[in-house]
Amino acid sequence: MAKICLCLTAKTIERNLEILNKYRKYADIAELRVDCLDADERFLIRRFPELAKIPVILTIRRDVDGGHFTGGEGARVNLLARGLAFAEADSRMNFAYVDIEDDLEVPSLEEAARTFGTKIIRSFHKLDGIIDDIPAKIKSMQRSGDEIIKIAVSAKSTADVLKVFQASKLYPKQEKILICMGLYGIYSRILAKKFGSYLTYTSALSEIETPAASGQLDVQELAELYRFKKITKKTKVFGITGFPLKATISPWFFNTLFGLENADAVYAPFPADSTANMLALAEELDVQGLSVTVPHKETIIKGLSEYSLAVRSAGACNTVLRREGLWVGGNTDCAGFSDSLLTFINKKNLKHLKVTIIGAGGAARAVASEVFRLGGKALVLNRTIQKAKDVASLYNFHWAGIDEHGIKLMAKYSEIIIQTTSVGMDGYEAANPVERYNFSGKEAVMDLIYTPAETPFLKQAAAAGCRTLNGYDMVIRQACLQYFHFTGREVPKQFLERLNETGENSWNKIRMG
Ligand code: ATR
């Protein structure tokens, strides 16, 4: 089991203890970041382990390494020595660990640490990228064999994380901590055990303005949602890939389910810049299944050995599974959409129904393929007419731009209207893409967006008396189908009932520093 370290970066000892006391149940170790303390508080560090009542790492991080210490090396060594001085026979009164940078050569400090059982974490930080030869770096940092080697680099791509992961497999007997800082490396922190790390650093993100390092997760979330302490080398890994993934609720959905079912599985966010490298990394990490989201749903298809008819029809894949050493793809958005729509209109198919599809992007493609499969006739309306034509021609549908002509045509395809663009979504333009369309009140109206719960488009439709549905039901249905693909089990009914009671307010996005 890898340990959870809570980084304490407050300005006073008192505040650090307050934070530690609130979150101690999640942490195995605390790190006192002396560099974050006010100058006069730095004189009080010696008694901290005794007050903290948990193994503590003594760290005085320089600004060049991402910390706040701006004084000279002499002053820093003095402070480190002060932290290690007057060691007690009862080791709980002393710092359990001291972080000494790879380039800090002060034998007396190391000797003081060793004499009283303070373990040395030999650290190296690179804030502007990764190191070319990580194995060589590990080798060069190996000194007496009783130290922990910490290498923290800034991953700028999925390929960077892959290199770090490959290096993590070398020197299996050497205790080490390998971290990829930044968004790309977030899963190196969650899957610390798989990365062969002795511990993972976290912050109490609800208590502080900035985390101790970029990409750190909240201590409570790591412990409770990701069930970090249960992750072993054998734990099955699933996750979601896309970019930047900051608003995804899937880690909450799947990890909550794994927790309820007590499954030996974890679901991590895998922000990725390249689907090819993501699949290579997933193979090395022995990932069993991935949800795929924007912007990778189309490009990931190239890396698949097999894929379903839904993927072929929609030109997009949102579910990838590892089957007998191969990557196979499916698209649960398609079935999630049609199950949701058919339930909403209380029909078994769309025969004899005329449908308007607004938009001609990836989501619209999946919708159009399903409308066709279910026997509906459609009009595809899009700002860029050529794209509307591209999608519509696949199914012999009509197409038009979102202009006067298009809006007029809508009246003929108005039994069901489905909005698939990003217009109206949180973070995008808060508008209705078909503002000039006059709803009669008889249309069944669906918007794939679920944040906000009611877009300007749905609001206008509801005001005219239409029945409306947002994308929440669809997203739950597609996630349930994915869960089935991943685990072979149905999502438990009680979980869905609880979701229905609380609605989209219960969905938690990833919190990351
Ligand atoms: P997705 O995979 O979510 O469908 P996408 O493939 O990027 O995302 O497609 C975005 C869709 O939203 C497109 O239909 C786009 O219209 P264009 O093809 O003309 O770009 C549509 N869209 C985005 N912003 C829009 C806006 N301000 N007004 C109208 N349509 C918009």
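Quick notes
- If only residues of region 331-346 that are within 32 Å of the chain's Cα centre (by Cα) and without any contact (Cβ under 8 Å) to a residue 40 or more places away in the chain are counted, the one that is farthest from the ligand (Cβ to nearest atom) is LEU342.
- Matching residues, region 147-183, being on the phi > 0 side of the Ramachandran plot and either in contact with a helix residue (DSSP H, G or I) (Cβ under 6 Å, 6 or more places away or on another chain) or acidic (Asp, Glu) (or both): TYR171
- In region 435-449, residue nearest to the chain's Cα centre (by Cα) [restricted to those that are within 16 Å of the ligand (Cβ to nearest atom) and surrounded by fewer than 22 Cβ atoms within 10 Å (Cβ to Cβ)]: GLU435
- Tallying residues that are of a type outside the set (Val, Ile, Thr) and part of a helix (DSSP H, G or I) within region 211-270 yields 19.
- Members of region 353-366 that are touching a Gly at 6+ places or on another chain (Cβ under 8 Å) and more than 9 Å from the ligand (Cβ to nearest atom): LEU353, LYS354, VAL355
- Look at region 294-306: where a residue is assigned to a helix (DSSP H, G or I), no partner that is hydroxyl-bearing (Ser, Thr, Tyr) and within 12 Å of the ligand (Cβ to nearest atom) sits 6+ places away or on another chain with Cβ atoms under 9 Å.
- Given (1) in contact with a helix residue (DSSP H, G or I) (Cβ under 8 Å, 6 or more places away or on another chain); (2) surrounded by 14 or more Cβ atoms within 10 Å (Cβ to Cβ); (3) in contact (Cβ under 8 Å) with a residue 24 or more places away in the chain; (4) of a type in the set (A, V, I, L, M), index of the condition ALA85 fails: (2)
- ASN349 meets each of the listed conditions (1) under 30 Å from GLU283 (Cβ atoms); (2) more than 16 Å from the ligand (Cβ to nearest atom); (3) not aliphatic (A, V, I, L, M) apart from (1).
- Only a single criterion out of (1) in a loop (DSSP other than H, G, I, E, B); (2) at pLDDT below 95; (3) under 28 Å from MET181 (Cβ atoms); (4) in contact with a helix residue (DSSP H, G or I) (Cβ under 7 Å, 6 or more places away or on another chain) is not satisfied by ASP273, namely (2).
- Matching option when the condition is touching a residue at least 12 places away in the same chain (Cβ under 8 Å), touching a Phe, Trp or Tyr at 6+ places or on another chain (Cβ under 7 Å) and crowded, with 22+ Cβ neighbours inside 10 Å, among ALA268, ALA282: ALA268
- Spans of strands (runs of 3 or more DSSP E) in region 87-191 with at least 2 residues more than 30 Å from the chain's Cα centre (by Cα): 97-101, 119-126
- Set SER313, SER291: member being in a strand (DSSP E or B), hydroxyl-bearing (Ser, Thr, Tyr), closer than 30 Å to ILE416 by Cα and within 16 Å of the ligand (Cβ to nearest atom): SER291
- Single residue of ILE130, ILE186, ILE190 found to be in contact (Cβ under 8 Å) with a residue 12 or more places away in the chain and in contact with a Phe, Trp or Tyr (Cβ under 6 Å, 6 or more places away or on another chain): ILE190
- Of the residues making up region 432-459, those that are outside any loop (DSSP other than H, G, I, E, B), among the charged types (D, E, K, R) and closer than 18 Å to THR343 by Cβ number 1.
- Residue match in region 384-391 (condition: closer than 30 Å to THR248 by Cβ, within 16 Å of the ligand (Cβ to nearest atom) and buried (at least 21 other Cβ atoms within 10 Å of the Cβ)): yes
- Residue satisfying all of: in region 216-249; surrounded by fewer than 22 Cβ atoms within 10 Å (Cβ to Cβ) and small (Gly, Ala, Ser); nearest to VAL294 (Cα to Cα) among these: ALA247
- Residue tally, condition within 16 Å of the ligand (Cβ to nearest atom) and either surrounded by 15 or more Cβ atoms within 10 Å (Cβ to Cβ) or more than 33 Å from the chain's Cα centre (by Cα) (or both), over region 399-428: 19
The values are calculated or read from the model by the stated rules, or taken from the named source; none is laboratory data. If you're wondering where the values come from, they're calculated on a predicted model, not measured in any experiment. Cβ sites come from the backbone with ideal geometry, for glycine too, and all protein chains shown count toward neighbours.
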